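Quick notes on the structure that follows.
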2 protein chains.
Amino acid sequence: MMTKIKVQPLLVNYKTLEEFKRFKEYGNQELAMFEDLESNIVENDSESPFFGIYFGNALVARMSLYRVSKKYDYYFTPPQDYLELWKLEVLPDYRNQGYGKALVDFAKSFKLPIKTNPRINSHGFWERMDFHKAHYEVERDRGENPLIWLPSGVEERDISE
Amino acid sequence: MMTKIKVQPLLVNYKTLEEFKRFKEYGNQELAMFEDLESNIVENDSESPFFGIYFGNALVARMSLYRVSKKYDYYFTPPQDYLELWKLEVLPDYRNQGYGKALVDFAKSFKLPIKTNPRINSHGFWERMDFHKAHYEVERDRGENPLIWLPSGVEERDISE
């Protein structure tokens, strides 16, 4: 059976925020979105940095994706806009069915370099997605374990330069 | 029984790196230190960003602490150098004996603001240490859940400005 997996932008509304509670990586970002909605700082159904996959009516996978300006690019050569990806997560019952890969493929479709700071124990997945470890540098990376993906024509910056 | 707890800088050497393996948050940073030592990029016993506490000959608690330049300060008013703290960790058998607090007090002794991005479930500890949640902003914080500590005379930056 082949099922078409569709990645879609997630809008800021109470339904989305309620669904986010089922994900393990729930933190300040979600709480701030909720508070902004409650206090009318953001409108209902405004854009969020999240993308997700629904199975029926239920959100079963998501990631946050943010375009970082070239001005702040310390990872790539030549310096350029890149995507930072975080909170990639598939709910337990829906794992190993291609949802994680579908999200990553969606991110890659922008043809920009991608940086992520994965959770412990997810390195096998990221390797299969063709990500590799950026050379660690304390001043830049601090507590992070950055992994990067390079589209064609882009190289990792040589930080010893 | 009162025991004097002594926080000390940890030098990059094979003994320290071997002890780091006992800590849960072991990642690229430690591996890069090991590789730098192996390939003579850093000398034996050179400085590391880690501080720790020994109980007898064993390292039982540690943290990484890095001074971020005023130029990169997006958290405080007035803008100033601040300390970023990560990988604060006390080995299981040594918890609830003041080692974590001793490390945080050491960091506070520099009288600079401190930022940390704590692990899930450690918020109670950070509250007791007088840290509070920074207002989350996606462009700045992305996947982080920043907590900050303010010395007297320093305020959190109003990011809505």
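Some observations on this one:
- Residue within the range A:137-151 that is open to solvent by 80 Å² or more (accessible area, probe 1.4 Å) and assigned to a loop (DSSP other than H, G, I, E, B) present: no
- Test: residue in the range A:12-26 that is β-branched (V, I, T), in contact with a Ser or Thr (Cβ under 6 Å, 6 or more places away or on another chain) and in contact (Cβ under 8 Å) with a residue 24 or more places away in the chain: yes
- Taken together, the residues in the range A:109-132 that are at pLDDT 95 or above, within 12 Å of chain B (Cβ to nearest Cβ) and surrounded by fewer than 20 Cβ atoms within 10 Å (Cβ to Cβ) amount to 1.
- Sole residue being of a type in the set (S, T, Y), open to solvent by 60 Å² or more (accessible area, probe 1.4 Å) and either under 25 Å from B:H132 (Cα atoms) or under 15 Å from the mean Cα position of the chain (by Cα) (or both), chosen from B:Y74, B:Y66, B:Y14: B:Y74
- Leading residue by the ranking (modelled with the highest pLDDT) among those in the range A:29-42 that are of a type outside the set (S, T, N, Q) and over 25 Å from A:L88 (Cα atoms): A:E38
- Scope the range B:44-57; condition in contact (Cβ under 8 Å) with a residue 24 or more places away in the chain and over 26 Å from B:N121 (Cα atoms); matching residues: B:N44, B:D45, B:S46, B:E47, B:S48
- Just one of the listed residues (B:Y82, B:Y99) is closer than 15 Å to A:R140 by Cα, touching a residue at least 24 places away in the same chain (Cβ under 8 Å), within 18 Å of the chain's Cα centre (by Cα) and surrounded by 20 or more Cβ atoms within 10 Å (Cβ to Cβ), and it is B:Y82.
The values are calculated or read from the model by the stated rules, or taken from the named source; none is laboratory data. Here the structure is a predicted model, which means the values were calculated and not measured. Note: ideal-geometry Cβ built from the backbone for every residue, glycine included; neighbour counts use all protein chains shown. These accessible areas exclude ligands, DNA and RNA; they are computed on the full protein's heavy atoms, side chains included. Shrake-Rupley method; radii C 1.70, N 1.55, O 1.52, S 1.80 Å.
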